[in-house]
1. Check whether at least one residue in segment 8-20 is surrounded by fewer than 14 Cβ atoms within 10 Å (Cβ to Cβ) and of a type in the set (Gly, Ala, Ser), and report yes or no.
2. Mind telling me which of the residues Ser111, Ser92, Ser126 ends up being exposed (fewer than 12 other Cβ atoms within 10 Å of the Cβ) and modelled with pLDDT of 90 or more?
3. Which residues, counting only those in segment 21-76, are within 21 Å of the chain's Cα centre (by Cα), exposed (fewer than 11 other Cβ atoms within 10 Å of the Cβ) and charged (D, E, K, R)?
4. Checking the condition under 30 Å from Cys110 (Cα atoms), small (Gly, Ala, Ser) and at pLDDT 85 or above, which residue from Ser52, Ser11, Ser17, Ser24 passes?
Amino acid sequence: MFNTTNRKLGSVILVFSILFLVMSYQLPSSQFATVDADAIPKALGWILLGLSIILFIQKDRETEEQRQRRQIPKKEIGVLLIVALLIFLYISLLEILGFVIVTMLFIFVCSKFLGYDSLKSNIVVSILFPVIMYGIFVYLLQISLPKGILPI
């Protein structure tokens, strides 16, 4: 039954999507909003459920070339672990330092670590992107993001 990678992965994603749907249906609803905050998580959960079923029933004959491409070199595993650590630090410091500062640091450090060497471009992007995103979310969409230590 679980003889192909698609079936194994489809089963894992199916279980995840069911748990995701159960949790999204537990989100509190608002009586003042036309489209509630739980609409996107519910829609994404149902899409994920459908795609996992398609992945499970899809026929796949795994070739030797596909098996070899799936192998991750040990050097790249270290890179993946460091990027995962950077993401964990980003999440941990988001409330403390705020969206703008943590996003600036994350973009700069992650880009530098992954080999992007243009210092000027890296600085410009790591400053402009979070500032523009903060402005769009807070002032245009009126969605609050963590301010942290900034007085904005």
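The values are calculated or read from the model by the stated rules, or taken from the named source; none is laboratory data. Remember, it's a predicted structure, so these values are computed and weren't measured experimentally. With ideal geometry, Cβ positions are generated from the backbone for all residues, glycine too; neighbour counts draw on all protein chains shown.
1. There is no residue in segment 8-20 that is surrounded by fewer than 14 Cβ atoms within 10 Å (Cβ to Cβ) and of a type in the set (Gly, Ala, Ser).
2. Numbers: Ser111 fails: exposed (fewer than 12 other Cβ atoms within 10 Å of the Cβ); Ser126 fails: exposed (fewer than 12 other Cβ atoms within 10 Å of the Cβ).
Unique residue meeting the criteria: Ser92.
3. Result: Glu76, single match.
4. Working: Ser52 fails: under 30 Å from Cys110 (Cα atoms); Ser11 fails: under 30 Å from Cys110 (Cα atoms); Ser24 fails: under 30 Å from Cys110 (Cα atoms).
Only one candidate qualifies: Ser17.
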